[in-house]
1. Ranking request for peptides 9-20, 30-41, 45-56: highest mean number of other beta-carbon atoms within 10 Å first, then the rest in descending order.
2. Among [x] 42, 22, 17; [y] 52, 37, 14; [z] 52, 18, 11, which one is Cα extents along the principal axes in Å computed from these coordinates?
3. Might you tell me the accessible area per residue for the chain, computed with a 1.4 Å probe and given in Å²?
4. Against the longest principal axis of the chain, how steep is helix 18-34, in degrees 0 to 90 to the nearest 10, with axes from Cα atoms?
Amino acid sequence: EWIGLYTDYTTYKLGLSPRRADWMCNWVLKLAKEGNTTAKFFEQGLGRLGFAALALHWEKPFLGPLYS
């Protein structure tokens, strides 16, 4: 869990650690609430979303428009 991914080798599961999942949830909620953001704040969140896509494969197609 130290890099933000959670692995359970006994059940062959891979996911995000609770801390990283909470950070991402709060980031998205803050963006939705405020309606705008700074480039730096957006870049930080997008980087973490890209990292999370290593475990959450369903998320990858949604990142393309954000990177452009």
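The values are calculated or read from the model by the stated rules, or taken from the named source; none is laboratory data. Worth saying up front: this structure is predicted, and the values here are computed from it rather than measured. Heads up, the Cβs are rebuilt from the backbone with ideal geometry, glycines too, and the neighbour counts pull from every protein chain shown. The accessibility values were calculated without ligands, DNA or RNA, using every heavy atom of the protein model including side chains. Shrake-Rupley method; radii C 1.70, N 1.55, O 1.52, S 1.80 Å.
1. On the way: 9-20: 11.6, 30-41: 9.5, 45-56: 15.8.
Going from most to least packed, we get 45-56, 9-20, 30-41.
2. This structure yields the entry labelled [x].
3. Details: 5340 Å² over 68 residues.
Result: 79 Å² per residue.
4. 20
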